[in-house]
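First comes the structure, then the notes that go with it.
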Amino acid sequence: MFRFPLADNEDCPISRLRLLSTINRDSHSFIKSRLGDIDINSGQFPLMFLLYHHEGINQGTAALKLNLDKGTVARGMMRLEEAGMIVRKKDDEDRRNYRLSLSPAGRLAMERLHEIRYELEASLVDGMSDEERRELDRLLGLMHRNVSEVTDE
């Protein structure tokens, strides 16, 4: 397996990892600061968007789509259910599975979550041209594919 050098300079990949980690942490802080009285946390943010776009999805498929383990998704969904944001219903075809959907309160909260997402995305690419944004998307996609291939081995 290829190993990156751990030298402390700007050209070192470990600096990229630190920067990506910092962007992720700051993005979570941004989301948290904007949620106000919505009873979810920044870690549940992607779960809400997944349910918004995939009404009736089961927990196992949700875990695959979000690249999370099933336990993490189950805990997140239980918290969202307790907060009244989602409804978990036994799957009619497989009683071991739950089908997930947004509750009326969850659908209402999505209006604010969309605003927060757009605000965050706009701040992340502020000052970039359309071409730079497309290139960033391309490079991030490439990085994701590269690391996915290595972790799948």
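Quick look at the values:
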read-out: Distance between the stretch 41-92 and the stretch 98-153 - C-alpha centres, whole angstrom; value: 17 Å
read-out: Interchain or long-range residues, amide H under 5 Å from Ile57's placed H; value: Leu100
read-out: GNM result for the chain, Cα springs below 10 Å: residue of Ser123, Ser27, Ser15 fluctuating most strongly; value: Ser15
read-out: Spatially close lysines, pair count over the stretch 27-117: Cα under 21 Å, gap of eight or more or interchain; value: 4
read-out: The stretch 48-120: relative contact order as a whole-number percent, Cα under 8 Å and 6+ apart; value: 35 percent
read-out: Listed residues Val87, Val73, Val125, most fluctuating in the chain (Gaussian network, C-alpha, under 10 Å); value: Val125
read-out: Built amide H within the under 5 Å cut-off of Ile86, gap 5+; value: Glu81, Ser103
read-out: Whole-number percent relative contact order across the chain, with pairs defined as alpha carbons under 8 Å at least 6 apart; value: 18 percent
read-out: Environment charge at Leu139 (Cβ cut-off 12 Å; Lys +1, Arg +1, Asp -1, Glu -1); value: +2
read-out: Which labelled figure in (1) 108; (2) 150; (3) 197 is volume of the Cα convex hull per residue in Å³, once derived from the coordinates; value: (2)
read-out: Length added when fully stretched, Val87-Asp69, from 0.36 nm per residue minus Cα-Cα; value: 4.5 nm
read-out: Mean projected area in nm² (Cα convex hull; one quarter of hull surface) for the stretch 90-153; value: 7.9 nm²
read-out: Extension gain, Ser103 back to Leu20 (0.36 nm per residue minus Cα-Cα distance, nm); value: 26.5 nm
read-out: Value of D in µm² per second that Stokes-Einstein yields for the stretch 47-134, Kirkwood Rh from Cα pairs, at 10 °C (1.306 mPa s); value: 111 µm²/s
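Read-outs throughout are calculated quantities, based only on the coordinates presented, and are distinct from any laboratory measurement. Bear in mind the structure is a predicted one, so any value in this text is a computation, not a measurement. Don't worry about glycine lacking a Cβ; one is built from the backbone with ideal geometry, like all the others, and counts go over all protein chains shown.
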